[in-house]
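The values are calculated or read from the model by the stated rules, or taken from the named source; none is laboratory data. What you are looking at is a predicted structure, and each value in this text was computed from that prediction instead of being measured. Here the Cβ positions follow ideal geometry from the backbone for every residue, glycine too, while neighbour counts run over all protein chains shown. Surface areas here come from the heavy atoms of the whole protein model, side chains and all, with no ligands, DNA or RNA. Shrake-Rupley method; radii C 1.70, N 1.55, O 1.52, S 1.80 Å.
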Amino acid sequence: MGCTVRIPSPLRSYTNGAASTAVNGSTVAEVLADLDRRFPGMRFRMIDEQERIRQHIRLYVNTRAATHLAEPVRAGDEVHVICALTGG
Amino acid sequence: MLSSASKGTTRHWSSYDSVMTGTLWIGTRKGTFTLRPDARRRTFRLAGPQFLGHIIHHIVADPRNPKIVLMAAKTGHLGPTVFRSTDRGRTWKEATQPPAFRKALEGETARAVQAVFWLTPGHASERGTWYAGTSPAGLFRSEDGGEKWESVAGFNDHPMRPQWATGFGTPGGELLHSILIDPRDLRHLYLAISAGGVFESTDAGKNWAPLNEGVEANFIPTPDPEFGHDPHCVALHPLNPDRLYQQNHCGIYRLDRPARRWQRIGTAMPKKIGDIGFPVVLDPRDPDTAWVLPMDGSTVWPRTAIEGKPAIFVTKNAGKSWRRLDKGLPRAQAWLTVLRQAMCSDAGKPLGLYFGTTNGEVWASANAGEAWRCIARHLPMIYSVTYSV
């Protein structure tokens, strides 16, 4: 099931600068797994070894916040990876 | 992930390289830099930044092959990782399996590495082996030059580990650091935790035991606790591996094995200076010589140069006495802080010493600390200064 992932600037070193990429998956977990197959190492920068979304990462499916990796994703959805941190 | 050195600083690289005597690797809160001295250590060429914006806790070259350099990195947003270079830092590749705890079992506290804080090359006979220390306190090992990291279960899953490392850490979190390998015996290891104490293994990390007798821990109500201490930096002498020095939250200590009781050698420091600080650096040619950089540990722990007058102190008799070295350093209003990885020596004769400050300055001495000068300023907060040939 194809969807689009919007890549924030801190992670574009993995995508050769691309701001979005097409991947497959019917859950956020599957989308991130496919993303990591295409761009190895990227998932661990967002998801820790206990399968938790890292503190300063937010994931959205379209406009809906995804608080867990089982969140469903449908064909044509956009998954947004947001880096959430302020300060110097 | 690949990154190239900043091109603007490499115009005369090849001709300059021919007179280089080594590299200072500078890890900062906003990226990594290098300082390369001329043959007489009179001028230093600053290059970088690489990985601008990345938090670099430690960057260490491999003494078994100085072309190989490892860097402990994360960013404000992204999880921790390790980058590897096989060409002296010109290009970098990310570890394919960074340090990570195993998945927690039902009912266990789920630990996740927040930062890779410390890197130690393995024993000289084990090419490709490295150790990493993390926050929260974890020990990891790579046998392929830093490409894939495995949890050292003997420590990370030790039944006493929850008591040894309780999360009572520094403002940056609980830190595992000062991973030391006995050059005579690759199975003999030490590590330190802030806070938690010093621990020793004699079976290549399968089992561990506290090694803190004699060390003060005035922040714990228990008298003479077995662990829970706060070592800031521990160093083992390469010529006499039975000798360890420790700069602790509660003083400067020396331990001569097989003894198990640390001797507080900081009591010989001037009373108005005290013996609180972060780094301790040893003279690789003389087990009796060590340098420390005292910080203000009074009242609310400012951890700045005492009275705004930075000074190095040297002992040449294993801590029986100390001498102040401050020639060339600011005489007043210099409230600098030097963190535990941010002071090192080089391989020169006389020995060169270097330290980096949290306000982005690098200071150098080409005569074992007798005189100092600033060789770089306006860098980001410096976490780490290491030297390689």
Looking for something polar (S, T, N, Q) and either closer than 21 Å to B:Trp322 by Cα or open to solvent by 10 Å² or more (accessible area, probe 1.4 Å) (or both) - is there at least one such residue anywhere in the stretch B:376-384? no
Residues being free of Cβ contacts under 8 Å to residues at least 12 places away in the same chain and among the aromatic types (Phe, Trp, Tyr) - total across the stretch A:19-42: 0
Mind checking which residues of the stretch B:341-367 are touching a Pro at 6+ places or on another chain (Cβ under 7 Å) and without any contact (Cβ under 8 Å) to a residue 60 or more places away in the chain? B:Asn367
Matching residues in the stretch B:195-213 - criterion: being among the polar types (S, T, N, Q) and outside any loop (DSSP other than H, G, I, E, B): B:Ser201
Tell me, yes or no, whether the stretch A:15-38 has at least one residue that is in contact with a Phe, Trp or Tyr (Cβ under 7 Å, 6 or more places away or on another chain) and crowded, with 18+ Cβ neighbours inside 10 Å. no
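Table: residues versus (1) in contact with a strand residue (DSSP E or B) (Cβ under 9 Å, 6 or more places away or on another chain); (2) at pLDDT 95 or above; (3) under 30 Å from B:Arg261 (Cβ atoms).
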position	(1), (2), (3)
B:Glu94	yes, yes, no
B:Ala115	yes, yes, no
B:Ala137	yes, yes, yes
B:Arg141	yes, yes, yes
B:Thr170	yes, no, yes
B:Ser178	yes, yes, yes
B:Arg187	yes, yes, yes
Can we say A:Arg6 is of a type in the set (D, E, K, R), more than 14 Å from chain B (Cβ to nearest Cβ) and surrounded by fewer than 14 Cβ atoms within 10 Å (Cβ to Cβ)? yes
So which residues in the stretch B:281-305 are polar (S, T, N, Q) and outside any strand (DSSP E or B), if there are any at all? B:Ser298, B:Thr299, B:Thr304
Is at least one residue of the stretch B:127-137 touching a Lys or Arg at 6+ places or on another chain (Cβ under 8 Å), small (Gly, Ala, Ser), over 26 Å from B:Leu186 (Cα atoms) and surrounded by 19 or more Cβ atoms within 10 Å (Cβ to Cβ)? no
Assuming B:Pro238 fulfils every condition listed in (1) under 17 Å from the mean Cα position of the chain (by Cα); (2) of a type outside the set (Val, Ile, Thr); (3) part of a strand (DSSP E or B) apart from one, which condition is it? (3)
Quick one: is A:Glu51 open to solvent by 40 Å² or more (accessible area, probe 1.4 Å), of a type outside the set (Gly, Ala, Ser) and part of a loop (DSSP other than H, G, I, E, B)? yes
Among the residues of the stretch A:58-77, are any assigned to a strand (DSSP E or B) and within 14 Å of chain B (Cβ to nearest Cβ)? yes
Of all residues in the stretch B:338-375 being polar (S, T, N, Q) and open to solvent by 20 Å² or more (accessible area, probe 1.4 Å), which is nearest to B:Leu175 (Cα to Cα)? B:Thr358
In the stretch B:306-330, anything assigned to a loop (DSSP other than H, G, I, E, B), of a type in the set (D, E, K, R) and either exposed (fewer than 15 other Cβ atoms within 10 Å of the Cβ) or at pLDDT below 95 (or both) is listed as B:Lys320, B:Lys327
How about the stretch B:159-180: which of its residues are in contact with a Phe, Trp or Tyr (Cβ under 8 Å, 6 or more places away or on another chain) and open to solvent by less than 30 Å² (accessible area, probe 1.4 Å)? B:Arg161, B:Trp164, B:Glu174, B:Leu175, B:Leu176, B:His177, B:Ser178, B:Ile179, B:Leu180
Hits in the stretch B:86-118 (condition: outside any loop (DSSP other than H, G, I, E, B) and of a type in the set (Phe, Trp, Tyr)): B:Phe117, B:Trp118
Taking the stretch B:72-125 only, how many residues are among the hydrophobic types (A, V, I, L, M, F, W, C), buried (at least 20 other Cβ atoms within 10 Å of the Cβ), away from chain A (no Cβ under 12 Å) and farther than 21 Å from A:Cys83 by Cβ? 3
Hey, does the stretch B:29-41 have a residue that's open to solvent by 40 Å² or more (accessible area, probe 1.4 Å), within 14 Å of chain A (Cβ to nearest Cβ) and out of contact with any helix residue (DSSP H, G or I) (no Cβ under 8 Å at 6 or more places or on another chain)? yes
